[in-house]
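Colleague: Sharing a structure here in C-alpha cells format.
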Number of protein chains: 2
Amino acid sequence: MSQDWIAVDWGRSRQRAWAMRGTDVRDHRQQHATTENLAGWLSDWLTSDQNLVLACGVLGPVGNAVPCKPLSEGLWSIDIGAPRIELRVIPGLRQSAPLDLMQGDETRVEGFLALNKNWDGVICLVGEETRWVHVSAGEIVSFQSFLTGAMFDALVNGRLSVHRLADVQTDRTAFAAALSDAMAKPERVMARLHEAHAARILDGLEPAEARARLLGALIGAELAAARPFWLGQQLAVVGDGELATLYVDALSEQGAPAALADESRVTLEGLKSAWRQLTG
Amino acid sequence: MSQDWIAVDWGRSRQRAWAMRGTDVRDHRQQHATTENLAGWLSDWLTSDQNLVLACGVLGPVGNAVPCKPLSEGLWSIDIGAPRIELRVIPGLRQSAPLDLMQGDETRVEGFLALNKNWDGVICLVGEETRWVHVSAGEIVSFQSFLTGAMFDALVNGRLSVHRLADVQTDRTAFAAALSDAMAKPERVMARLHEAHAARILDGLEPAEARARLLGALIGAELAAARPFWLGQQLAVVGDGELATLYVDALSEQGAPAALADESRVTLEGLKSAWRQLTG
C-alpha cells in the first residue's frame, strides 16, 4: 500500500479509515476499533517510516467556539511509537448558548462546503445525534443537537427489542401520519412511543408500521423544536441510508425541500480539506 | 415453609415473590427469574402437593377493556407438573382510544383501592413506564402510559453511560429548574438531553446536576402531556425510591399535591385481593 496518509472518522459507534494517496482513496475499512488498538487496526497500511493519521470525531478535544470556520487552527497532536504514527485530530466545536458541542460534524460541514462553494443555509446532519448547523459566508454561525437517533436505537435494541424493528423498512405512509401527529402535539412523544408498543401487542401492528410510528414520533418532536433552523432556509440533509431520506421526506412534507448529500463522501472531503491545510 | 400460596409480581426487569399464609407474608424474594426456570426459582417453597401461584405482570394475556374494575373475571390458568404448580395470572387491561395496555398496574390499582376505600381521582404509577390511571367509583375509567423511565434507563446505561449517572442522587434544585423549563417547551426534550451531555463535557457539570437535567427534561415533557390527568384532580403517586418522590415534588411545584404510596405494599395488597376473590 503506497499511501501518503490515512484519513479516519472516529465516531462513537462506528470507526472508518481510508488509505489516501494525495486526495485519492487507495483502500477503505470500516470495522470496530478502540483507541488502544489503533495501531493494530491500521497495521497492514503502516510503513516502517513516519505515518500520518488525520482524524475527526470523538478522539480529541473540543476547540473553537462558534461563530467560526468549520476547521479550527491547531490540530490536536499525539505521536505513537513503533511503527511511528503521527496522529492529528481535528478539534470539535463548542457553543456557549445554548450549550452544545460537535466532534466530527465540523469536518462534514467543511466537506459539504468544499463540494458546494458559497453555500449559505442550514445543514441537517443525521445520525446517532441529529445536528442542525446554520452556515453563513463559510462560517458555522450556530447549531443545535438532538439525541433523536440514539433514543431510537436504544428503544429498538432495548425496551422494544421484542418487536424486532431494527432491520425492517419504514412504512412511509404511516411515517407521514405519525410525523404530522407528533408535530401537532410534540409533548406527547413518550406516550406515542408506548402507543406503538401497545398497537403491536393488541392490534398486531406490522413491524414496518410500528417502526414508522416510533420514528415519526421522534422526528416530529424534533422538527417542532428545530423549526427556527428549517423554516424558510436553504436546506441540505447529510446522512446515509433510510434515516436521511426520512428527514428529507419529513421536511418536504412541511414545504421545506432539502438536498440530500452522501455522508461518506462529505466526511472524506472534509478530511481531505484538513489534509490540504496541514500539508499545503 | 408452610405457605398456602405464592404471590408473584412478574415485571419486565424485576421479578418478586412472596410466600403467603392467608394474607400474612412468610418469606419474600426478589431476584432475576425467567418463565423457563419458574419452578426452580420457587423450588425451596414448593410442596409435593398442589402449589398455588397467583401472579400479576407480563406473564399472561391482556383481558378487559376499560372502563372496568381493576381485576377482571377469569384468571389465565396454566398447570405445570412435578412439583405441581397451578399458575393463575391476573389479566392486564386494554384501552381502545388512545390504544393502551397495562399488565401489573391493574393489580396495584386494586391494592391501592383496597387500602383507600372509596377513593376517586388519578393514580400515577411510576416505574419503567409511567401510567396515569383515572379511577372513579371503584373502576378504572381511562389511562395513559409513557415510556419515560425506560428512556431514562436507556440513556444512563447506554449512550450517556460514560457520565456514570445511574447511582447518584438527583440534585433537587437543578431538577426543579429543568422541570419548569421542560414544561414550558416540552418539544425540546431531545435537545435538552443532549445539552446535559454537553454541559458535563464542556462545563464539568456535576453528575447529580446532569441527572437532574435529564430527569427534569423527561418528566417535564411528560407532565406537559399528562396535564388533563393531574390538573384539579385528587392525586396519588405509587412507586418506590427517588423516582416516585421526584414525581411528587414535580406535581407539588405545579400546585398539584399528591399522596405517596409504597409500591411493594400496594402490589402485595392487590395480589391478596385477587387471592381472596379466587378462594373466597
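The values are calculated or read from the model by the stated rules, or taken from the named source; none is laboratory data. In this text the structure is predicted, and so the values were computed from the model without any measurement. Positions of Cβ are backbone-derived with ideal geometry, glycine not excepted, and every protein chain shown enters the neighbour counts. Surface areas here come from the heavy atoms of the whole protein model, side chains and all, with no ligands, DNA or RNA. Shrake-Rupley method; radii C 1.70, N 1.55, O 1.52, S 1.80 Å.
Colleague: Identify, by number, the condition in (1) modelled with pLDDT under 95; (2) away from every other protein chain (no Cβ under 14 Å) that B:P98 doesn't meet.
Modeller: (2)
Colleague: Give B:L223, B:L165, B:L179, B:L215 a once-over and let me know the one that is under 26 Å from the mean Cα position of the chain (by Cα), at the interface with chain A (Cβ under 10 Å from one of its Cβ atoms) and open to solvent by less than 10 Å² (accessible area, probe 1.4 Å).
Modeller: B:L223
Colleague: Would you mind finding the one in A:F143, A:F112 that is open to solvent by less than 50 Å² (accessible area, probe 1.4 Å), within 20 Å of the chain's Cα centre (by Cα) and within 14 Å of chain B (Cβ to nearest Cβ)?
Modeller: None of the others qualify; the one that does is A:F143.
Colleague: Collect the residues in the range A:231-242 that are in contact (Cβ under 8 Å) with a residue 12 or more places away in the chain, surrounded by fewer than 21 Cβ atoms within 10 Å (Cβ to Cβ) and either under 12 Å from the mean Cα position of the chain (by Cα) or under 24 Å from A:D153 (Cβ atoms) (or both), keeping them in residue-number order.
Modeller: A:D240, A:E242
Colleague: Within the range A:185-192, does at least one residue satisfy the condition of being open to solvent by less than 20 Å² (accessible area, probe 1.4 Å), at the interface with chain B (Cβ under 9 Å from one of its Cβ atoms), assigned to a helix (DSSP H, G or I) and out of contact with any Ser or Thr (no Cβ under 9 Å at 6 or more places or on another chain)?
Modeller: Yes, because at least one residue in the range A:185-192 is open to solvent by less than 20 Å² (accessible area, probe 1.4 Å), at the interface with chain B (Cβ under 9 Å from one of its Cβ atoms), assigned to a helix (DSSP H, G or I) and out of contact with any Ser or Thr (no Cβ under 9 Å at 6 or more places or on another chain).
Colleague: Still on this structure, I have one more. Out of curiosity, is B:L38 in contact with a strand residue (DSSP E or B) (Cβ under 8 Å, 6 or more places away or on another chain), of a type in the set (A, V, I, L, M) and outside any strand (DSSP E or B)?
Modeller: In short, yes.
Colleague: Return the total of residues in the range A:123-135 being more than 14 Å from every other protein chain (Cβ to nearest Cβ) and open to solvent by 50 Å² or more (accessible area, probe 1.4 Å).
Modeller: 1
Colleague: Hey, can you tell me all the residues within the range A:39-89 that are within 19 Å of the chain's Cα centre (by Cα) and open to solvent by 60 Å² or more (accessible area, probe 1.4 Å)?
Modeller: A:K69
Colleague: Do we find that A:R26 is open to solvent by 80 Å² or more (accessible area, probe 1.4 Å), on the phi < 0 side of the Ramachandran plot and not in a strand (DSSP E or B) in this structure?
Modeller: The answer is no for A:R26.
Colleague: Another question, if that's okay. Do we have any residue at all in the range B:115-122 that's aliphatic (A, V, I, L, M), in contact with a Lys or Arg (Cβ under 9 Å, 6 or more places away or on another chain), open to solvent by less than 30 Å² (accessible area, probe 1.4 Å) and more than 22 Å from B:Q50 (Cβ to Cβ)?
Modeller: no
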